[in-house]
Amino acid sequence: MAKIIFINHDGTERTIEAKNGMSVMEVAVNNSVPGIDADCGGACACATCHVYVDQAFLAKAGEQQEMEKSMLDFAENVRPNSRLSCQIKVIDALEGLRVTTPESQH
Amino acid sequence: MSAGEARSIVVVGAGQAAAQALQSLRQGGFTGSLTLVGDESALPYQRPPLSKAYMKGEFEEERLYFKPSAWYQEQKIELLLGTRVPKIDRAGQQIHLGHGGHIAYDYLILATGSRPRPLPVRGADLDGVHDLRTLADVERLSPRMVAGRRMVIIGAGYIGLEAAAVARQMGLEVTVLEMAPRVLARVTSPILSEFYAAEHRRQGVTILTGAQLSRLDGENGSVTAAVLADGTRLAAEIVLSAIGILPNEELARKAGIACFNGILVDRDARTSDPHVFAAGDCASRPLVHFGRSGRLESVHNAIEQGKLAAAAILGLPRPAEDCPWFWSDQYDLKLQIAGLSQGYDTHVIRGDPASRKFAVFYLKGGTLIAVDAVNSPPEFLASKKLIMSGAKLASGVLSDTSTPMKDIAAQATA
């Protein structure tokens, strides 16, 4: 289990208790966190679950695979801390993870 | 009553288009009564993993659900699962329920989906003969997929080939029968067909093209063999039928709503009855960018039409229509498809198929209309933009791997 803090583009924060093994995208979608579409359901096929991960957690969020890197290259408003949330698995070490969702995925 | 004043909206069907319509209606501010009626017993769930990771048993059923059950309560959506809808009474603006009773609607969204095309041969009803469309189908099929068993898959479309990949990875002996001269014949070019056929053969799948299934033989009610028209007999404990789907349009047609290989809808997903909308596999829609109409069997289409229907009902601006896109996972190959390739006059290959990372672009009159991108997200994502821009592309530009796709797209659409 890990507490994840989702921050809306307007600054609104919400803390959600997340089960290990779920993806951060699934946690967001199941809890109606706005700003994530996740059209493909987590297959790393659509690049519509783009989020910004707090710098302090970037290393703990796991390494980016080649597929994710090249998908992100085409997302809007990409920053150095951009990730596809379907590719981040919840683990204990992510306790307190802060994730900011963009205003729109397009 | 004009759009935006609805008090009661009913959605029939519980797949991707239905789930999207419910979300978009509530996000769009609809506060009236919202009811979902679906004939399956599970909460609305994603189908793509059924022939991929879920079939392999990589995760539990709950993770297929679009939303947990609590969401429907929070959103005040009434769920009538395991419930059939035998009839629409358009004059009375109500639907009849299979177990009796009816529900009145101001607007009705038909998201009835599709069903597997029945296998038109003797023996199709034997035990051990399966379809692959629903969770219940996977529940029946999965426990039988034991290493060493022989599985014959009828049809080499995406579902058939994805299932073949999973079955091989689970250690089954797999034969795929395809009536056409090549695999994926209906959906892609000979280049992709050849690549995928070679990959499956390398993985140990037997692929027989130009194969005409004659009958299925059985013993004591269970299938034992698939027999071809030329007399070839393939012993099998499991037969999977994957020969395409048919739109579930009968409910609409019986109610006098216009249908032609799907429920006919306009650009807003509205049927010939202004109070009835249709979305997803069951609907035949204008494909404005491609200058024709048709059904699209895809996640993208279901999501987009769910959004279009919700917006039209609420009187909101029409959401943007995106480039159609699809994906297929087989082994370690991720195929991402953008656009519709039918009618292409030229193709361009970028990269080397032997490297398992390449793309085939399809052009018509110098304009890109589709791409098949294998393990190549940049080619896929750039093409979505290029296709919708209608930009002309000079020959040689797309095959030049020294220029990144991002730059090609930026230059062409500048």
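Here, each number is a calculation from the coordinates, and none is a lab measurement. None of the values given here were measured: they were computed from a predicted structure. Glycine gets a Cβ as well: all are built from the backbone with ideal geometry, and neighbour counts include every protein chain shown.
For the reader, a short list of remarks on this structure follows.
- Rg ratio (alpha-carbon, reference 2.2 N^0.38 Å) - region B:120-202: 1.12
- Sparsely packed chymotrypsin sites (Phe, Trp or Tyr not before Pro) within region B:222-311, loop by DSSP, other Cβ within 10 Å at most 15: B:Phe260
- Listed cross-link partners B:Lys357/B:Lys385; A:Lys69/B:Lys67; B:Lys52/B:Lys254 are compared with a 31 Å cut-off, the Cα-Cα value being larger for B:Lys52/B:Lys254.
- The antiparallel fraction among DSSP beta bridges confined to chain B stands at about 60%.
- Phi angles of region A:18-35 translate, via the Karplus equation with coefficients 6.51, -1.76, 1.60 and θ = phi - 60°, into HN-Hα couplings of 10, 7, 4, x, 6, 8, 4, 4, 4, 4, 5, 5, 4, 10, 6, 5, x, x Hz per residue; Gly and Pro are given as x.
- The mean count of C-beta atoms from other chains within 10 Å of the C-beta of residues in B:374-381, rounded to a whole number, is 5.
- Counting only DSSP beta bridges with both residues in the protein assembly as shown, the antiparallel share comes to about 60 percent.
- A viscosity of 0.890 mPa s and a temperature of 25 °C, combined with the Kirkwood radius over C-alpha pairs in the Stokes-Einstein formula, give the protein assembly as shown a diffusion coefficient of 101 µm²/s.
- Counting charges near A:Ser23 (Lys, Arg +1; Asp, Glu -1) among other residues having Cβ under 10 Å from its Cβ returns a value of +1.
- Relative contact order of chain B, defined on C-alpha pairs under 8 angstrom at six or more residues apart (%): 14
- Residue order, fewest to most surrounding Cβ atoms within 10 angstrom, among B:Cys323, B:Cys282: B:Cys323, B:Cys282
- Placing +1 on the Cβ of every Lys and Arg and -1 on the Cβ of every Asp and Glu, with nothing else charged, gives region A:51-106 a dipole about its Cα centre of roughly 80 debye.
- Value of D in µm² per second that Stokes-Einstein yields for region B:1-78, Kirkwood Rh from Cα pairs, at 25 °C (0.890 mPa s): 179
- Between the amide H of B:Leu246 and those of B:Arg115, B:Arg117, distances stay under 5 Å, these residues lying 5 or more places away or on another chain, with hydrogens modeled in the peptide plane.
- When Rg and the Kirkwood Rh are both derived from Cα coordinates, the Rg/Rh ratio for region B:179-312 amounts to 1.11.
- Cβ neighbours within 10 Å from other chains - mean over B:65-75: 2
- Distance from region B:264-304 to region B:224-248 (C-alpha centre basis), Å: 32
- The DSSP beta bridges internal to region B:64-177 are antiparallel in roughly 55% of cases.
- Volume in Å³ per residue [convex hull over Cα atoms, computed for region A:1-84]: 102
- Peptide B:278-287 has a mean of 0 when you count, residue by residue, the C-beta atoms of other protein chains within 10 Å of its C-beta.
- Computed over chain B, the alpha-carbon pair-distance distribution with 10 angstrom bins reads 5, 21, 27, 26, 17, 4, 0, each value a whole percent.
- The distance separating the Cα centre of region B:89-108 from that of region B:1-77 comes to 19 Å.
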